[in-house]
Amino acid sequence: MVDTHTHLHFHQFDEDRKKIVENFEKDGISFVVNVGVNLEDSKKSLEISSLSEKIFCAVGVHPHDAKDVSEGFTYYLEKLARSEKVVAIGETGLDFFRNLSPAEIQKKVFIEQIALARRLNLPLVVHIRDAYKEAYEILKDENLPERRGVIHAFSSNLEWAKRFINLGFFLGIGGPVTYPKNDSLREAVRRIGLEFIVLETDCPFLPPQPLRGKRNEPKYLKYVMNTLSEMLGVSISKVDEMTTENAIKLFKG
Ligand SMILES: [Zn+2]
């Protein structure tokens, strides 16, 4: 399996990061995409990628951090993105739930990263919270990179799922699909099937239902695969095979 969204460089993994990475093989992890949330943080993400051939990176500025970037930040982002370990730009997007950066600045920083991704021919890792309409409008109007990207931690309904898929995006599905209250998300995934789905943990966040309150890790993707297998009536190995193929297409295509 492929974990398309990790933050293994975060301090929550300082004690046992090496061990987790050493166990990738045993835990059935083909590779992970480790995601940065601002310039400094993206550097850290790149640094830990040297721990394993199975760690690739996304570099970007999260909407929470959009207010802190200076004019021309994409110059520095581009420098990082030129590393051979970098397979995507992100996470970037809009977050009007916590609104830690003003909306207009979030939009500007998002649009600049879309342009960079297109120029570098890299897919996008898109974070959207309470801003599906606004983010969709932007993605619809901008020139997108050929391999589009992933709507990370997709957590809306069938209608929105279809819209982003029609733009060419994959949907990142993880722990939340196992939460009892998320019926509309499960319904969306059931109707869409595996064709446009990639797996992700967003670790250390969003652990699957049996581990709520704990730190999430790539190996816990197996709980997400179990849920998908039951929901869709397909074998776990089929879920593994299809979502792995999708992740390869998206990040290495
Ligand atoms: Zn994340």
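Residue separation times 0.36 nm, minus the C-alpha to C-alpha distance between Phe96 and Asn121: what's the value?
That pair, Phe96 and Asn121, stretches by 6.2 nm at full extension.
Determine the shape class of the stretch 196-251: with a ≥ b ≥ c the square roots of the Cα gyration tensor eigenvalues, call it rounded for a/c under 1.5, and otherwise prolate if a/b is greater than b/c, oblate otherwise.
Values: a/c = 2.75, a/b = 1.37, b/c = 2.01.
Verdict is oblate for the stretch 196-251.
In whole percent, what relative contact order does the stretch 2-252 give with Cα contacts below 8 Å and a gap of six or more residues?
Numbers: 507 pairs, mean separation 43.3, N = 251.
Normalised by residue count, the contact order of the stretch 2-252 is 17 percent.
What Kirkwood hydrodynamic radius do you get for the chain when you take the inverse of the mean 1/r over all pairs of distinct Cα atoms, in Å? Working shown, then result.
Details: mean 1/r = 0.0559 Å⁻¹.
Answer for the chain: a Kirkwood hydrodynamic radius of 17.9 Å.
Order of Thr178, Thr6 from fewest to most other C-beta atoms within 10 Å? Please list the in-between numbers first.
Values: Thr178 23, Thr6 28.
Final ranking by Cβ density, sparse to dense: Thr178, Thr6.
Going by average Cβ density within 10 Å per residue, which order do the peptides 203-212, 9-18 take, highest to lowest? Before the final figure, lay out each step's value.
Working: 203-212: 17.4, 9-18: 14.8.
Those peptides, ordered most packed to least, come out 203-212, 9-18.
Once the piece of chain linking Leu158 and Lys18 is laid out straight, how much longer is it, given 0.36 nm per residue of separation minus the C-alpha distance between them?
Details: separation 140, 0.36 × 140 = 50.40 nm, distance 3.88 nm.
Between Leu158 and Lys18, full extension yields 46.5 nm more.
Could you run the Karplus curve 6.51 cos²θ - 1.76 cosθ + 1.60 with θ = phi - 60° over the stretch 167-178 and give me ³J(HN,Hα) per residue in whole Hz, x for Gly and Pro?
Karplus-based 3J(HN,Hα) across the stretch 167-178 equals 7, x, 8, 8, 10, x, 10, x, x, x, 5, 8 Hz.
Explain nothing, just compute: Karplus ³J(HN,Hα) = 6.51 cos²θ - 1.76 cosθ + 1.60, θ = phi - 60°, for every residue of the stretch 216-227 in order, whole Hz, x for Gly and Pro.
7, 9, x, 5, 6, 4, 4, 5, 5, 4, 4, 4
Could you go through the stretch 21-30 in sequence order and give the Karplus-derived ³J(HN,Hα) for each residue, using 6.51 cos²θ - 1.76 cosθ + 1.60 with θ = phi - 60°, rounded to whole Hz, and x for Gly and Pro?
Values, residue by residue: 5, 4, 8, 3, 4, 4, 7, x, 8, 6 Hz.
Which loop trypsin sites (Lys or Arg not before Pro) in the stretch 38-91, with loop taken from DSSP, have no more than 12 other Cβ atoms within 10 angstrom of their Cβ?
Arg82
Give a quick list of GluC sites (Glu not before Pro) in the stretch 28-137 that DSSP marks as loop, anything other than H, G, I, E or B, with at most 11 other Cβ atoms within 10 Å. Working shown, then result.
Working: sites: Glu40, Glu47, Glu53, Glu71, Glu78, Glu84, Glu91, Glu104, Glu112, Glu134, Glu137; in loops: Glu53, Glu71, Glu84.
Those that pass, being in a loop and sparsely packed, are Glu53, Glu71, Glu84.
Throughout, read-outs are computed from the coordinates displayed, never taken from laboratory work. Every value quoted in this text rests on a predicted model; they were computed, and no experiment measured them. Note: ideal-geometry Cβ built from the backbone for every residue, glycine included; neighbour counts use all protein chains shown.
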